[in-house]
Structure formats: C-alpha cells, structure tokens
Amino acid sequence: MIKNLPQTDKQYYLIIGERHLYAKARMLNLTAAYSSEDYPDDNMIALAKKTGKSILFVKFDTSDENEDDFWSTRRFNDSDCKIIFYNIYGMETEDGHKIKTLEDAAESLAKIIDSMVSQLIDFGFIKSTDYSGRCGCCHQRIRANDNYCRYCGTKRGEGEFEPYFNIVCCVYGPPIQTKYECEVCGKSWMRTLWGGEHAKYCPQCGSDRIMNCKERTMEFFEFPDDDYE
C-alpha cells in the first residue's frame, strides 16, 4: 500500500507497477511511485482525490491477451479521480518495434511517458497549456488571419491562458454551411462545420454585430477542404 503519493507539479501522479521500470524512472529523474498491486488501491485513490490530480498507472503485463488495448480507464471514471492504466507490453515504438521485454520498455520509458501524456491531453483527461492558434480566453481555434476570437470576441494574444481540457465532440448529421457578414467592417466569411457554425463576433474587428446571411445543409460528400472568406 502506498501511504503517500510523490509531490509533483504535474497534473497526474505517475505510478509504476514494475520494479525494473520504476528503477529506470528514478534514473531518468521522473517523479514516480512504485506499487506492487495490479491496480490503485483505495488509499491511493483517496490521496489523489484530495489534490484533484489524475493517476497514470503504468505496468508491464505479459499476460494481457489484447496487446492493442494497452490503455484503459475502466471502472474508475465515476469517481472524482481519473485513473488511466497503461500496459507497456506490446506497445509500438516510434520506429515500429513492439515492446516485448523489460529491457526494451526501460530503454524507451521516457518517450513512452511523453507519448502517454500527449494522448491524455488530446483526449481531455489532463489539461493542456498549448495555446498555439487558440483563443487565450475560451481556447477555441483562431485562424491564422483572425484578429479576434469568433466565439467570445477576445483579441488575439489576450486572455487568461489558463490550462484547459480538450473536448472531444461527436456530432451526428450532415455538415452545415453558414455565411456571415459584419455590419461594422463589412467582412464576410463562410464556414462549413458538422452541426453548424456558432460564431458571435467578427474575426476582423471584434464586433458582435454580425449577420447570418445564409445557411445550407450539405451532403456528406460536399464537405470542402477549406473555408471561404
């Protein structure tokens, strides 16, 4: 049983369920804890809940029959603490090599951890701080030529830039093409998005006086590669 989780400025606690890999993590100066259990125990979960951090539980289990299903969030997502399991055995490295031995796993451990964290950010399990091409307030995408966020009106480069969760949306139905025109600066633009566009501000002058000039439901095969300005 882990009595105390390691102090870390990360948004997650790294728990390693294999001694050889834990020793390698220490050599790499990774902040981690060792657990001899197959899963986080109640005490570990209670400690993590107090800080609001997630638990990243890494193991090397050669008995896992489904090598492709190397990560899971099963049965703990209903708690206040997200717990993500990774089985390094069978994972594929950047060069296409599948990890089958502890030596292979230890050699690639740092890159594996980085890859895991990137996936957790992409899927919204831990927060991102990447604001490249994003609004500093609502973290929606800002196109290269936009001066203002189309959704909250914040000027490019301004905002609180707080860490945020990526949101993975599943939208059903055909794409909807919407044409807008700004009553102040005269800019017009067209967006085609699954479920439709919901712009509230002009991306050029930041005014909220924009008109929805035209909306058209498109066929699935009509979805364009680029939007029109």
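A few notes on this one:
- Cα shape, region 138-202, gyration tensor, a/c 1.5 rule: oblate
- Local net charge near C137, Cβ-Cβ under 10 Å (Lys/Arg +1, Asp/Glu -1): -1
- Relative packing of 107-120, 151-164, which averages over residues the other C-beta atoms within 10 Å, highest first: 107-120, 151-164
- Relative contact order %, region 175-222, counting alpha carbon pairs below 8 Å whose residues are six or more apart: 48
- Pairs with C-alpha atoms separated by more than 24 Å, drawn from the list K24/K98; K10/K111; K10/K100; K10/K49; K53/K155; K53/K200, are K10/K100; K53/K155; K53/K200.
Quick note: the coordinates plus some simple rules give every number you see, no bench work behind them. What you see is a predicted model; the values in this text were computed from it and never measured. We place every Cβ from the backbone using ideal geometry, glycine too, and count neighbours over all the protein chains shown.
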